[in-house]
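Quick notes on the structure that follows.
The values are calculated or read from the model by the stated rules, or taken from the named source; none is laboratory data. Everything quoted here is computed from the prediction, not taken from an experiment. Using ideal geometry, Cβ is built from the backbone for each residue, glycine included, and neighbour counts are taken over all protein chains shown. Note: areas computed on protein heavy atoms with side chains; ligands, DNA, RNA excluded. Shrake-Rupley method; radii C 1.70, N 1.55, O 1.52, S 1.80 Å.
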Amino acid sequence: MVTQPSFNLLFYDSDTPIATYTISFGAVIQDVKFYESSIEVTGFLFDAYTSVTTNKGISGSPIDNCVITTKSTTSLTCTPVSTYFAGEGMPLFLYTIVTQSNAIETRKRSVLIEILNFNHTEHNADSIFSLSTNIDPINTVISGISDTLYTPTVASNTTLKFTFPSDAQCGYAFISNSSSNFQRITTSMFLCPTPYIQREVIQKPYNTNNNELIFLGRFLNRLQYKSSIPTLTYTIQYGGGTTKTCLPVSQSQDANLIYTIGCQIPAVTNPTTFKLIANTTTGLSSSIYVIYTPTITSITKTDYKVPGVVTMTGTGFTSYNLLITIGGSQCQSLVVQEDGLQLTCEFASDVIVIDFNKPLEVVVSIPDPTGYYADQKSIFYYNRPTPTISQCTSTMYGVPGIVTVSGDNLFSTNVTVIISGKPCTNPVSGQDGNTITCQFESGVTVTDINT
């Protein structure tokens with residue numbers, strides 16, 4: 001068997017050479033097999049200067065170097081560029097090109113079954129691959145996104161159904177044959193499982209803990225499978241829409257494949273509720289609210305029974321699910337300042353009071369499945385309205401009696417009733433403030449009882 005890519009053929013006349021011809025050979029490719037990230041070529045006439053390139057056989061597709069990792073005279077293994085096996089949404093012809101030191105090329109065309117599309121489900125179960133050609137399901141496994149070998153179920157001749165294993169990461173998934181050292185059957189498709197963040201956080205960020213947020217979840221490995229490329233990021237979003245990055249600090253996984261993640265938010269003096277979002281590079285996401293208990297410091301007044309805007313100061317205010325009640329009446333059209341230290345809302349001023357010196361209770365709350373976060377203080381006062389009088393009952397001249405005064409805003413707290421310069425004592429308001437009764441001594445001297 002020829003062991004060199006070329007040799008010289010000499011012609012002699014007796015003992016005298018009369019012609020020399022150089023005979024060159026290309027490599028012989030007997031078979032090409034594809035694996036997760038490597039190509040195995042068998043044949044012969046591979047020498048120390050043999051090189052391998054690859055091409056997808058698509059117009060405009062580049063010819064890329066395939067880095068040889070092992071080689072003998074009859075076989076070699078090389079690593080192509082990372083995107084070589086990625087599908088193009090069309091029949092994929094893969095060319096393996098072996099070039100000898102004499103510049104002679106030998107090409108081998110191979111065809112992989114194409115993964116046409118991938119239908120993902122929210123809970124990472126019953127996801128479906130659609131294939132370009134029928135596939136024999138025997139010994140097939142899904143590779144490229146997990147160390148766990150898992151066998152899909154057949155939905156039809158060209159569709160495979162599977163559930164993401166708990167250790168799945170973003171990666172180039174493909175279907176391989178477990179009986180042939182996991183040789184590739186299909187092209188690759190880049191995909192990610194949907195991340196999942198558990199509602200209850202382990203640690204909320206404060207200045208005292210270096211603003212580190214610690215939480216739990218599944219499918220939260222932030223790197224691409226068998227790569228250092230980030231494929232999952234964490235962001236926080238405040239109620240006003242401002243978005244910040246939560247920088248990764250730590251990542252670990254327990255025996256139940258639940259991740260513990262630590263990330264650092266930008267420092268804030270007064271923390272306020274925000275939304276934590278885990279985003280994959282494929283557009284899948286999961287989010288939870290990280291809730292801080294709000295506090296109330298002050299609130300402005302409104303005119304009694306006149307709807308108006310109130311301004312409240314405090315800490316931890318947010319537009320995420322925040323509820324404000326004043327005396328049990330909900331305040332509407334909430335607008336929260338970005339730093340969470342002030343808010344405004346529209347109060348109907350419809351809570352009836354008799355004693356204007358007694359404040360109404362203000363409640364700020366954030367209802368959530370993880371708990372009830374609230375503060376309440378009795379600090380709201382109305383601007384007391386000016387009373388008006390429409391009529392008054394009579395008494396017998398010189399005979400003490402009860403007088404009823406009718407009108408509006410007739411509340412007895414800190415009110416004085418004077419009839420012709422004389423006090424009407426012990427004033428008591430009606431519930432609606434439209435009447436007030438008092439004790440009148442009827443001691444005013446008059447010359448005309450009709451006046």
Q) Among residues other than Asn383 whose Cβ falls under 13 Å from its Cβ, what is the net charge (Lys/Arg +1, Asp/Glu -1)? A) +2
**Q.** Accessible area of the chain divided out per residue, in Å², using a probe of 1.4 angstrom
**A.** 51 Å²
Q: Determine, from the Cβ-Cβ distance of Val335 and Ser252 and an R0 of 41 Å, the FRET efficiency 1/(1 + (r/R0)^6), rounded to the nearest 0.05.
A: 0.50
**Q.** Greater than 26 Å apart at Cα, pairs in Lys56/Lys226; Lys275/Lys305; Lys305/Lys358; Lys204/Lys244
**A.** Lys275/Lys305
Q) So which cysteines of the chain have no other cysteine's Cβ under 4.7 Å from theirs? A) Cys392
Q) Counting only protein heavy atoms, what percent of the accessible surface of segment 214-324 is carbon or sulfur at a 1.4 Å probe? A) 52 percent
Q: Report which label in (1) 1.39; (2) 0.95; (3) 1.07 holds the value of Rg/Rh (Cα atoms, Kirkwood Rh) derived from the coordinates of this structure.
A: (1)
Q | Distance between segment 96-157 and segment 322-366 - C-alpha centres, whole angstrom | A | 60 Å
Q.
Could you tell me which residue out of Ser61, Leu216, Cys424 lies farthest along the dipole of the chain toward its positive end? Charges go on the beta carbon: Lys and Arg +1, Asp and Glu -1, centred on the Cα centre.
A. Leu216
Q) Computed FRET efficiency, Cβ-Cβ of Glu361 and Ser285, R0 41 Å: what is it to the nearest 0.05? A) 0.55
Q) Which one of Tyr382, Val353, Val403 has its Cα pushed farthest toward the positive end of the charge dipole of segment 282-417, where Lys and Arg give +1 and Asp and Glu give -1 at the Cβ? A) Val403
Q: Would you mind pulling out the separation of the Cα centroids of segment 378-451 and segment 192-252, in Å?
A: 67 Å
Q. Aspartates and glutamates within cross-link reach of Lys71: Cα-Cα under 12 Å, excluding same-chain residues under 8 positions apart?
A. Glu40, Asp47
Q | Asn102 versus Gln391: modelled label distance in nm, points set 7 Å from Cα along the beta carbon direction | A | 12.6 nm
Q. Just how large is the dipole of segment 102-210 about the Cα centre, in debye to the nearest 20, putting +1 at every Lys and Arg Cβ and -1 at every Asp and Glu Cβ?
A. 240 debye
Q: Please give the peptides 295-301, 202-208, 361-367 ranked by average Cβ packing (other Cβ atoms within 10 Å per residue), highest first, as a rough proxy for protection.
A: 361-367, 295-301, 202-208
Q) Rounded to the nearest 0.05, what FRET efficiency is calculated for Thr300 and Ser82 with R0 set to 56 Å and r the Cβ-Cβ distance? A) 0.35
Q: Mind putting a number on the dipole of the chain about its Cα centre? Charges go on the C-beta only, +1 for Lys and Arg and -1 for Asp and Glu, and I need it in Debye to the nearest 20.
A: 120 debye
